[in-house]
Amino acid sequence: MKVIPLFNVLVLPHSNIFFQTQAFRAAAGNNVYQGDEVTILVLKEQQTREEMNAESFYPIGVEGIVEEISTEGYVVVRTAARVDVQQVSVSEQGEIFAETTKRPDLMDMDPTEAHLKLGKIKEVLREMVSRFRFGDMMRTYIDQYSSIEEAASILSAWLTLSNEERYAILKEDSARARFERLEQIIYEYAEVAKVTSDAQSAQQEDYQKAYKEQALRKQIDYLQNELDEMHPEQVSDARKFEIKIQESGMNEEATREATKVLNRLKNDGQNSAESGMLYDYLDFVTGLSWKKEAAEQIDLAEAQKVLDEEHFGMKKVKERIIQQIAVMNLRKSQAGSILLFVGAPGTGKTSIGKSIAKALHRKYVRVSLGGVRDEADIRGHRRTYIGAMPGRIMDGISKAGVSNPVMVLDEIDKLSSSFNGDPASALLEVLDPEQNSTFTDHYMNVPYDLSDVLFVCTANTLDTIPGPLLNRMEVIEFQGYTPTEKLEIAKRHLFPKALQKVGLTAGDVEITDEALDTIISDYTREGGVRGLKKRLDTLCRIAAVKYIQAASHSVIQVTRAELREFLDMHALPHNKVKASAQPGVVTGLAWTQVGGEILYIETLFTKGSGKTIITGQLGDVMKESSAIAQALVQARFPEKAELFEKNDLHIHVPDGSTPKDGPSAGITMTTAIASLVTGIPVPPNVAMTGEVSLEGAVSAIGGLPEKLMAAERAGVQKVFIPKENVDDLRDVAKEVRDQLEIVPVERVEDVLDALGILKSKD
């Protein structure tokens, strides 16, 4: 008798077991035919024939007969009585042999009772299959069930029973107990099937409803679009905003807020009190660029070319900008460090921001922060206010039309605070890469991603910028231009633009280099070139008048001698080195907002009682420097103490209408007083700068490049600087360094000794 091993199949006596033909051949072998008697054994676990042995099977099985092998791909085995397995062996070829004896059932159930219960089960099953697609055909099969075993065998594949639970039913000797277990299993399955069917039906209804709604909306949208194309002049504002919201690419929160405002506009109507505010809000948010722009690969050589074409000099600044672009390329980032350009007016801070945008092929936006004192100028007004409007940051984004412009925040040092809040504090979020990805303007009331914006800030000084804000930016100093650089800037950029503004060409007006040098040296007083631009604009306007008045329209020549006529102003007075030396007068160096300048420290003894008089509108720090200088001289020249006791010391810094302050004049004051008490004059072409201490040490100062440029311009030949400032000489133009003898010093004695003042004691 052929043995068929089965796993996880409900095997019952007096029932039909259905197999797929392929699965049956694999289990029974190819040499089993219709009408063959078989023994079905239950495996304890899933195994291949090669792995099976005598211990692989449970001790109870069933006998059966192969009732049908269909050509349609299935096999039916009709089971008979249960059997006890006495012995099982598996050959090397995988054939299974079993010795069995019949195992009798305990017939403890009334046939009539069994028939009635089977009828109820059939009724439940018929109701269950009525929900299925082929329910009518399945009802026919159910009517043919003659026992509960047949019903359970048919449902075997769908029952969630373990292999052990299936065998426990086969092992049950009591007919009643087996019936009750199968009855419970079938009822549970029917209930689960019912619940599943109801859930699927409800889900299907929801799906159908959603599909229907979606289809209707698509039809409505299609018809509405057709109408809009046929009559574009009749499209309502609400409809336009609806389309813009759909196409804008807003984030979820922004879409929700815009839709809410749009619904209010629809419900309230065009004539409501708030319609104007709602319209302005929707017009603003839908006009913003919400889509993230793709990062472009920037050619460094091209960027360098753009910077060189539009700005002369600025070597260090250009190098830092190229570094920024290179890092952005490598990181595939739209933005990098927040750059802060600091320097005198007219040094090109704002204009180079525009050049950066051109080099990056990005939109350029300039936001002026000078005089801003209201936090709402940065964050915007809340829409509860009449006349509410977005802040300057989001307004700039709106004007740019993209989400990744180059935004120049101009004059950031001119921010001020008031009872309306601190705008500098509001900028902390804007300029922090960790926070600005979710920047929320009060007017918009939804977050906007500013992380792709390249922020460039400009300032004239760092003194008024709050520390936390300054900490978020990388400071790049703009040095003043040398006369040589100014000449090249004038020839390459300023003069051609000035001619273009008045409608002339380079062939109509010619100006000599000598004349340009004179304009730079005698008619401007600045570190930048803004004043130079104004002078050239004036020159070109007057030249335009002369050109029109001349009948021949000949070329107008502008020479140095004609500058007074073409500029319509006198030359500006500049401090030049004095022609002769005088004891008590020493040339100093000062930093100003417009660059550098030389100044004189003048000292004089007058009959008195030992008082010290200070004039020249000096600040507190400079007054303290004068006191330190006097003490140092008295300590170094004790033999001159009588001069200080019987006379009043007068210290004066000319140009009294100009406020002056800072510690860098300390060494100059000390030298001036020492020159006065010794009577040894200091050559006027010798200048100095440095802070002094009571110990006589000369400390570092700021603004060295500007000071040295001023010294070279004024005709100074030798300059004493603090030794700690030697590294700053790298920032000084080569043509300036070549014209000056620069002497680093550590102590006051080094200066006094070099000038021969200290030697006079010997």
Single condition Gly702 does not satisfy, out of (1) at pLDDT below 90; (2) in a loop (DSSP other than H, G, I, E, B); (3) crowded, with 18+ Cβ neighbours inside 10 Å:
(3)
Which fully enclosed helices (runs of 4 or more DSSP H) of region 467-514 have 2 or more residues being of a type in the set (Lys, Arg) and in the same structural domain as Cys540 (by TED's automatic domain parsing)?
495-502
Between Val90, Val66, which is surrounded by 14 or more Cβ atoms within 10 Å (Cβ to Cβ) and free of Cβ contacts under 8 Å to residues at least 40 places away in the same chain?
Val66
Go through (1) outside the structural domain of Ala714 (by TED's automatic domain parsing); (2) within 17 Å of Leu649 (Cα to Cα) one by one and return the number of the condition Ile613 breaks.
(1)
Whichever residue in region 726-761 is of a type outside the set (D, E, K, R), over 19 Å from Gly596 (Cβ atoms) and touching a Gly at 6+ places or on another chain (Cβ under 9 Å) and, among such residues, is surrounded by the fewest Cβ atoms within 10 Å (Cβ to Cβ)
Ser760
Among residues of region 69-87 being in contact (Cβ under 8 Å) with a residue 40 or more places away in the chain and loosely packed, with under 13 Cβ neighbours inside 10 Å, the residue nearest to Phe24 (Cα to Cα) is Gly73
Could you figure out which of (1) assigned to a helix (DSSP H, G or I); (2) modelled with pLDDT under 85; (3) among the aliphatic types (A, V, I, L, M) isn't true of Ala295?
(1)
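Out of everything in region 1-32 that is assigned to a loop (DSSP other than H, G, I, E, B), under 15 Å from Ala80 (Cα atoms) and at pLDDT 80 or above, what residue ends up being nearest to the chain's Cα centre (by Cα)?
Among residues in region 1-32 that are assigned to a loop (DSSP other than H, G, I, E, B), under 15 Å from Ala80 (Cα atoms) and at pLDDT 80 or above, the one nearest to the chain's Cα centre (by Cα) is Leu10.
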Is one or more of the residues making up region 483-498 more than 26 Å from Ala733 (Cα to Cα) and out of contact with any Lys or Arg (no Cβ under 9 Å at 6 or more places or on another chain)?
no
Kindly establish whether Leu340 is touching a Leu at 6+ places or on another chain (Cβ under 9 Å), crowded, with 19+ Cβ neighbours inside 10 Å, of a type outside the set (D, E, K, R) and outside the structural domain of Arg492 (by TED's automatic domain parsing).
yes
Do we have any residue at all in region 465-474 that's touching a Cys at 6+ places or on another chain (Cβ under 7 Å) and either among the acidic types (Asp, Glu) or crowded, with 20+ Cβ neighbours inside 10 Å (or both)?
yes
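The values are calculated or read from the model by the stated rules, or taken from the named source; none is laboratory data. What you see is a predicted model, and the numbers here were worked out from it, not measured in a lab. Glycine also receives a Cβ, built like all others from the backbone with ideal geometry; neighbour counts cover every protein chain displayed.
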